Each structure stands twice: as structure tokens, then as C-alpha cells.
Amino acid sequence: MMANQNNIKLSNGVNLELDPDDLDKNFSMFVDKFLIPFFKETNDWNKTIQSSISEIERISSIFHLSKGEIISKFLKNIESRLPADIAELTGLDKIEILFENIDDYVETMVNIVSSDESQEEIRLKIAKLVENLNLFEISELFIYFARNRNKK
């Protein structure tokens, strides 16, 4: 990738001068200039995350980066900022707020997997359960299961 600056106009009208070689700096500016103001305006964290991911996808196409990789890095950046500045936003105390009903999903998944149904039926039911989750919510499920596995 070239080491130059690129001006990007976000959907909220804000111009960001992004450096394709410094994703952390870019994410930090994006959180400050898009994510936080969007949440303050809507007070809807899920909508904020979805709109932010849409913006990140657009930026990834401009920089010719893998959408999955840049979204993953963006979500990690958000997670690292949650305990500090993002947690100060009204209503966002902890990361679990990003996926409020994770315990319900996990309980349903455990019930499905524990059933006497065939592997194919279990797979289909799990797929149906998670089909409307976004990438971040699916990541939260993986994190949940990985942390619980490590506790055993």
C-alpha cells in the first residue's frame, strides 16, 4: 500500500484524512468523528455499530482492503476503547451491551446442541438462530464460548 494521506468524506459530512498505513490512527479518528457523534444523536448502540460497519466497508473498498479483516480490526479497536471513552457515553457500561441477549442465544444454542436430533438438524437450527446476527454479534458468541472453554 502507498504511504499517503487520503481525504474521505463520511456519510455524516465529516472529512477524515486517513493514512492507509496507520489503521489504528484511522480507527481512532473514525470513532471520534463518526461513531461517538452517531451514538449521541441516535442513542441506539446497535444502529451505531451497523452504520459504522457500513462506513468501514465503504472505506475498505476505497483502500482496497479486505472487508472482513478491516471490520475485525475495527471491532477490536472499539472493544479496546469501551472501558475508557466509549463507556462514558450514556447507557454503555460494559461490552455486553453490544449484544444484550447473548445469554438467551447461548441457552438456546446449548438446548439445540443437547437435543437428540441429528447433526444435520442441529446444524440447521443453529444456522437459523444466528442467520440475522451481524459480524460483531457472531464474534461476541465466539468470544463467549472461548472464554468459557478456558474456564474449564
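Descriptive notes on the structure:
- Potential extension, residue 104-residue 22 segment - 0.36 nm per residue separation minus Cα distance: 25.7 nm
- Contour excess over end-to-end distance, with Cα ends at residue 111 and residue 50 and 0.36 nm allotted per residue: 19.1 nm
None of the figures in this text is laboratory data; all of them are computed from the coordinates on show. Because the structure is a prediction, the values reported are computed rather than measured.
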